[in-house]
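Worksheet: one structure, shown below.
Just so it is clear, none of the values below were taken in a lab; they were calculated from the coordinates. Fair warning: this is a prediction, and the values are worked out from it, not measured in the lab. Using ideal geometry, Cβ is built from the backbone for each residue, glycine included, and neighbour counts are taken over all protein chains shown.
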Amino acid sequence: MTLRAAILARRSTSHQETSIERQVADARAFADARGWSLADAHVYFVEEVSGSIAARPDLDAVLAAARSVPRPFDVLIIQNEDRLSRVMWRQLALLVDLHEAGLRVFRYCDGQEVMSDTSEQKLLMAIQAYLSEAERDKIVSRTREASHYRGRNGWVTGGKLFGYDNVRVGEGRGSHVERRINEAEAAVIRRIFRRQAEGAGIRTIAGELNRDNIPSPRAGKRGIGTWAGSAIRAMLLNEHYKGVLVFGKKRNSVRGGKKVVLSVPEAEWIRVDAPDLRLIDDETWESVQRRFKGRPSFGGTGGTPRGILIGNLVCGGCGGRVYALGGTGGMGEHRYACGRRHQGGAITCGNAHKTQVSSLDAETARAIFERLLSPEVVDAVVERAVLLHQERKGGRSSELAEVQARIDAARRKRDNFIAAIGSLADASSVGSITAALQKAEEELRFAEGRLSALANARPRDDGADRLRATYRQRLETMPALLTSDVVRGRAVLRDLLAEPLRANPVRDGGEVRWLIRGNLRPVGLFQNDGDPNGIRTRVAGMDTHGGSEGTCWPIMHSDSW
């Protein structure tokens, strides 16, 4: 029997390796030499992804295909085991999963099969996994060492910095990138420092630059290309503009199979004097820094959110995030406002309306749950929950599935007997097979009759009325639970929304208010995450991703209601 093959290829971001095209071509040649068949649909690859990353669509697709019935291929061809992962324990786990699914795994680099039948083979697998991870550590170390070398020489280690141009010096392996002053951008930097030293605030400076149509660092790239206070503040604190280059403040790492950026202790930073790149004199620099001393950090992370709509509400005018701002001097009632308008001034967005956080949270929660408690939504959510509960408890739905499986088996048996009768050359055997065929058809008719009876019968209760009452009670108590804990409330609201709500400013007589619009996805009420907070019900198997047709309901709310 001809074996069916699949190919898995990967190219890392950490260093240059054999291209995807070369890996696939070599794997195809390996399969052709052995007479294996290979369908293009089963060539899996991913570009520019490190072997330390866990979430990979190519691996997910391979594992899903390997576990499917019938399985679409018998053999997986790889360059070597580090194409699966460069993390030791993850590589071993993937190989075990593939072997347990019935797949054979071959390396085309040396033509050997990766096997785990004996203790010696398992030891070899473990050694190879260790070598893969050790090689990854060496790559990371070499990359970091090269970056530090460039930094100590004052060369560019990252991207572009506003105020300078990146210029490549030299050719080939010995080339590097240096910064040169861009006089047009340098004039903007000097203006920013001068205005700050004169007493202007960062949002005032951003508004002036936007009003004068000065291109921002992101112009023509991301966002809407306007200045924001956060960008101004970062520039005012950047020592590069006073001629001191600082490298190594952050470090890339992997935690839990995901890339993360870690802060490096200041004692380990690399500082290099570069007087030829100085844009700001010492007096102006010190004047600006004195204004920042003693002030709270700007836009810090990890604090408690001020409202449940943070991250769940965007400006309908510009699409930017809605912030929760403090009162005068940071005191008083917090208010929701368009973040882009707040940071960049009127030119960035015309939505100048602000509204109290506490009142908008309460009113939005009320409007949402009034919609959730409408008869059509309650019935849809509760009936889905009851059905899933019955399936878990082996109720009517599981019996339907069992009968359907019996029907499928009887049909296959019948079709096999029919095919056998057509291929028989010996007439003496036809009678016995015909009798078996009649028996198979009787089994099929019986199963089909049972399926029809189950479909038309009234479902037995199995405590469904009690479940309905429980779920309705939980729904009715959710508004208070949602606003009583902002952190959990934000998460619950995020699960309930098909996408963030939008706040559109409208004028009602002489008053401006926000009209809040969005689509609810009530399926998000049901999580299979074991959450114990009492806000979400927990029903295993409920899909919580996406809002397919028939599961979303529109809501509309005004902050003046």
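Things to note:
- In order along the range 98-111, the phi-based Karplus estimate (6.51 cos²θ - 1.76 cosθ + 1.60, θ = phi - 60°) of 3J(HN,Hα) comes to 5, 5, 5, 7, x, 8, 9, 10, 10, 8, 7, 5, 10, x Hz; Gly and Pro are listed as x.
- Using C-alpha pairs under 8 Å with a sequence gap of at least 6, the mean separation divided by the residue count of the range 151-289 gives a relative contact order of 24 percent.
- Dipole of the range 165-292, positive direction: furthest Cα of V264, M235, A184, with charges on the beta-carbon: V264
- Backbone HN-Hα couplings from phi across the range 129-146 [Karplus 6.51/-1.76/1.60, Hz, Gly and Pro as x]: 5, 4, 5, 4, 5, 5, 5, 4, 4, 5, 4, 4, 5, 5, 5, 5, 5, 5
- Exposure proxy order (Cβ contacts within 10 Å, fewest to most) of W227, W285, W514: W285, W514, W227
- Under 5 Å between amide hydrogens, built in the peptide plane, is the criterion, and for L515 it picks out N504, V506 among residues at least 5 positions away or on other chains.
- Footprinting exposure proxy for T2, T348, T355, T143 (fewest neighbouring C-beta atoms within 10 Å first): T2, T143, T355, T348
- A simple rule links phi to the HN-Hα coupling: the Karplus curve 6.51 cos²θ - 1.76 cosθ + 1.60 with θ = phi - 60°, which for the range 199-204 gives x, 6, x, 5, 6, 4 Hz, with x for Gly and Pro.
- Arranged from fewest to most other beta-carbon atoms within 10 Å of their beta carbon, Y336, Y130 become Y130, Y336.
- Members of K160/K293; K138/K250; K242/K354 lying beyond 31 Å, as alpha-carbon distances in this model show: K242/K354
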